[in-house]
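Below: the structure, in structure tokens.
The values are calculated or read from the model by the stated rules, or taken from the named source; none is laboratory data. Just so you know, these numbers come straight off a predicted model, no measurement behind them. A quick note on method: Cβ atoms are made from the backbone with ideal geometry, for glycine too, and the neighbour counts reach across all protein chains shown.
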Amino acid sequence: MMRVLLPNISVAVQIELQDGYDSVADSDWLETVVRCGLAQVLSPDASGQVSLLLTDDDTVRELNREFRGVDRTTDVLSFSAAHAGHWAGDEAPPDAIESWHMDFPMPDGEPPPLGDIVVSVPQANRQAEAQGVPLLRELALLIVHGALHLLGHDHYEDAERGEMQRLERAALAEVFGDVDYGGASASSLRL
């Protein structure tokens, strides 16, 4: 695993590894990945708080059902403090979801919350195996993808998708350099 310098942004990153996933990746490396994703968009003087949870399919499926209306697991979910997510369910979202936002009063000097990123490690592993890349490469991609969602980036329109992929490539190049993973380098990743 390559060590990179942390981007110079003042963001507190809380890492939570669900039981059984504490050996998947080093917490310092996970923090670096989150920061590299955020640094693609945030100004150097920006501050904030982000949490990252590495968990199982059941937890992600439950969150996906509750907050997006989709009753299946997915690879990554982002819960932005500033940008609304997309309800994808067949039925109308619950009233609590439509009006939900994170406008919490913060103590003086406390950085604002940017949001939460939740990654399904089993889904990331399945995707890594299907792509023939290391799990850490897939985790990094998903974490960066989630971090960009926290900052309002999306991929529903072609132009948005292209910009998001450009930012993902730049962040992953910071994390991995020009490492070749079975034909996929940071400049030619499956995105």
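Being in contact with a Ser or Thr (Cβ under 9 Å, 6 or more places away or on another chain) and not hydrophobic (A, V, I, L, M, F, W, C) is the filter; apply it to the range 127-160 and report the residue that is surrounded by the most Cβ atoms within 10 Å (Cβ to Cβ). Per the stated criteria, the residue is Gly146. Which of the residues that make up the range 23-75 are among the aromatic types (Phe, Trp, Tyr) and within 18 Å of Asp154 (Cα to Cα)? Result: Phe67, single match. So His145 ticks every box in (1) closer than 23 Å to Val13 by Cβ; (2) part of a helix (DSSP H, G or I); (3) modelled with pLDDT under 65 but one. Which box is left unticked? That leaves (3) as the condition not met. Of all residues in the range 53-61, none satisfies being modelled with pLDDT under 95 and more than 15 Å from the chain's Cα centre (by Cα).
Of the listed requirements (1) in contact with a helix residue (DSSP H, G or I) (Cβ under 6 Å, 6 or more places away or on another chain); (2) within 17 Å of Asp116 (Cβ to Cβ); (3) modelled with pLDDT under 95; (4) not small (Gly, Ala, Ser), Leu38 misses just one: (3).
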